[in-house]
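None of the figures in this text is laboratory data; all of them are computed from the coordinates on show. On a predicted model such as this, the values are computed, not experimentally measured, just so you know. As a convention, Cβ positions derive from the backbone with ideal geometry for all residues, glycine included, and neighbour counts pool all protein chains shown.
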């Protein structure tokens, strides 16, 4: 089977610069794409020229955004807006970060439109291990920025006589593990080397498993002794915060909150979905640092309590801070997925197939995911 592939850019904010690299374009050609339609300016935000893409495949042509969306297979890291989704024809495939469990309205929209959404974040093996992820960059990029901000507000940050910095990591999964490793090195090995040279005490990291976060007295005591609070939880119920806003008051005034889970606020669902740490704004690749007096707090829905604030860091894509590095990771991970999509019609892709990647694609397709979620 041969499909026309559309690769649109992302237009939600100027800081979003992630486009697939020329090596990925070459793989599309080798795997049988009939035509590869790139949006004008593709790759320019990462310093990749149009000629590099043209050199990668003779099947490449450039077109406008809507033309890219109208192809038979559309691949883009971040899900397009609902208005843009209307341009994707019925029966086409959308390969993107679709976040089915936390975007019920998106699931219904794709089902109603008859678009085969294949969720990049939902591609997993039989044990649940994600096939397309950059969790190391989530942990390291976020923690690096957090320590940079903590250094600005904690006056004795580089003083040899200070006590060890205290980091509390909520959640013991993959992201939490990377956050622990990064925290012991200030998110940057060069900073750690400098601190060792200066004779400054290091970092004490405490990991709090999700099941312990509901014990209020324990958590308040822990928060009182926390310089950097990291939310890396994966909550079974996104309608309940891990840290209610009242608990934020227990943090020292200089404390920094780092949101690595980046769950969205969603008041279109009933009950509404909230962030793990209540009151933290939703960050983007244009702004991920929010001091307590930032206007972003006032723009939040009034149902979100923000009375107690600390300097907060949030970004819907921590890997996106370094876009070219991010796409160098994603490209090889996505290549075998696209190979499956180019090899046979979506209706023939079987969750019982002998192919490892075909089974993963079948589980991550919206209609089959929805059916499985109802069981």
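Simple spin-label model, 7 Å along Cα-to-Cβ: residue 209 to residue 303 in nm?
3.3
Label 7 Å along Cα→Cβ of residue 348; the stretch 98-119 residues with amide nitrogen under 20 Å?
116-118
When the helix-only estimate is applied to the chain (DSSP H runs of n ≥ 4, each -39,500 (n - 2.57), divided by the residue count), what is the mean residue ellipticity at 222 nm, nearest 500 deg cm²/dmol?
Here the helix-only value at 222 nm equals -10000 deg cm²/dmol.
Measure nothing but the geometry: give the 0 to 90° angle between the long axis through the Cα atoms of 323-343 and the longest principal axis through the Cα atoms of the chain, rounded to 10°.
Rounded to the nearest ten degrees, it is 40.
Rule-of-thumb check for the stretch 193-274: C-alpha Rg over 2.2 N^0.38 Å?
The stretch 193-274 yields a ratio of 1.31.
How large are Rg and Dmax for the stretch 135-320 when calculated on the C-alpha trace, in angstrom?
15.6, 54
Nearest 5 is fine: what % of DSSP beta bridges in the stretch 135-320 come out antiparallel, could you say?
15
Between residue 136 and residue 156, what FRET efficiency follows from the Cβ-Cβ distance if R0 is 25 Å, with the result rounded to 0.05?
The calculated FRET efficiency here is 0.25.
Based on alpha-carbon centroids, what's the gap between the stretch 240-316 and the stretch 73-129 in Å, whole number please?
With the stretch 240-316 and the stretch 73-129 each reduced to a Cα centre, they are spaced 26 Å.
Tell me the Rg and the Dmax, in Å, that the Cα atoms of the chain produce.
Cα only, the chain: 21.9, 67 Å (Rg, Dmax).
Distance between Cα centroids, the stretch 329-346 to the stretch 134-188: provide it in whole Å.
35
Sort 277-285, 329-337 by packing, meaning the average of other beta carbons within 10 Å per residue, with the highest value first.
So the order, starting with the most tightly packed, is 277-285, 329-337.
Please list 172-180, 220-228, 310-318 highest first by mean number of surrounding beta-carbon atoms within 10 Å per residue.
Ranked from most to least packed, the peptides come out as 310-318, 172-180, 220-228.
Take the Cα coordinates of the stretch 58-170, assign each an equal point scatterer, and use the Debye formula without solvent to give log10 I(q)/I(0) at q = 0.10 Å⁻¹.
Here log10 of I(q) over I(0) equals -0.51.
Show me 257-268, 295-306 ranked by packing, highest mean number of other Cβ atoms within 10 Å first.
Ranking, from highest mean packing down: 257-268, 295-306.
According to the square roots a ≥ b ≥ c of the eigenvalues of the Cα gyration tensor, what is the shape class of the stretch 1-93, taking rounded for a/c under 1.5, prolate for a/b larger than b/c otherwise, and oblate for the remainder?
Because a/c hits 1.5 or more and a/b fails to exceed b/c, the stretch 1-93 counts as oblate.
Specify the angular offset, from 0 to 90 degrees and rounded to the nearest 10, of the alpha carbon long axis of helix 135-153 from the longest principal axis of the alpha carbons in the chain.
Helix 135-153 sits at roughly 40 degrees to that axis.
State the antiparallel share, in %, of DSSP beta bridges confined to the chain, rounding to the nearest 5.
About 10 percent, rounded to the nearest 5.
Given contacts defined as C-alpha pairs under 8 Å and at least six residues apart, what's the relative contact order of the chain, whole-number percent?
It comes to 17 percent, rounded to a whole number.
In what order do 327, 346 fall by count of nearby beta-carbon atoms within 10 Å, going from fewest to most?
Listing 327, 346 from fewest to most nearby Cβ atoms yields 346, 327.
In square nanometres and to one decimal, what's the mean projected area of the convex hull around the Cα atoms of the stretch 240-346?
Reported value for the Cα convex hull: 9.5 nm².
Counting DSSP beta bridges in the stretch 1-160, what percent are antiparallel, to the nearest 5?
So the antiparallel bridges amount to about 5 percent of the total.
Among 205, 37, rank each residue by its count of other Cβ atoms within 10 Å, from fewest to most, as a rough exposure measure.
Ranking 205, 37 by Cβ neighbours within 10 Å, fewest first, gives 205, 37.
Just to confirm the number: angle between the C-alpha axis of helix 189-198 and the first principal axis of the chain, 0 to 90 degrees, nearest 10?
Roughly 20 degrees between the two axes.
Taking other Cβ within 10 Å of each residue's Cβ, how do 210, 356 sort, fewest first?
Least crowded to most crowded, the residues run 356, 210.
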